[in-house]
């Protein structure tokens, strides 16, 4: 066992000395980080496994996609099936990547997602929750009523 509490295993990663099966940390990061601040930082950083990278921040599209999917009480696999992705092993990870912001759906895919969730495409692009709600309310109206609502909003805005 090394002085930092870690020992080498067969692979190139570094694991802690055996303690108990139930509570086995990957590495004692406190000791590793303390040593990284010292002159031995290069040696320790190569011995200790790096902490996993943070998940990407969800994009506006990802956030709205997740909210819409959950509002429809659909799983990621079910939404993928509605898109025509028959294999749930492919569909769920793909939807997950969109929701987490790892990938951004192209316009055609976003149109299919909007259709499957019965929402307008514009809903997915607005960063304002208030504007998103306005889009949803107006989209539920028939075409003629949408034009009337727009005229009323314009008249209201002109008075300000």
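The values are calculated or read from the model by the stated rules, or taken from the named source; none is laboratory data. Computed from a prediction, not measured in an experiment: that's the story for all the values here. Neighbour counts are summed over all protein chains in view; Cβ atoms, including those assigned to glycine, are modelled from backbone coordinates with ideal geometry.
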Residue tally, condition closer than 18 Å to residue 59 by Cβ and assigned to a helix (DSSP H, G or I), over segment 72-107 | 11
Taking the options 110, 119, 136, name whichever one is in a loop (DSSP other than H, G, I, E, B) and within 18 Å of residue 70 (Cα to Cα).
-> 119
What tally of residues in segment 104-148 results from selecting those that are within 34 Å of the chain's Cα centre (by Cα) and over 28 Å from residue 79 (Cα atoms)?
-> 1
At pLDDT below 90 and either buried (at least 17 other Cβ atoms within 10 Å of the Cβ) or not assigned by TED's automatic domain parsing to the domain that holds residue 121 (or both): does that describe residue 24?
-> yes
Scanning segment 67-97 residue by residue, those within 15 Å of the chain's Cα centre (by Cα) and over 22 Å from residue 123 (Cβ atoms) turn out to be 92, 93
Residue 105: within 30 Å of residue 84 (Cα to Cα), modelled with pLDDT of 95 or more and either crowded, with 16+ Cβ neighbours inside 10 Å or out of contact with any strand residue (DSSP E or B) (no Cβ under 6 Å at 6 or more places or on another chain) (or both), yes or no?
-> no
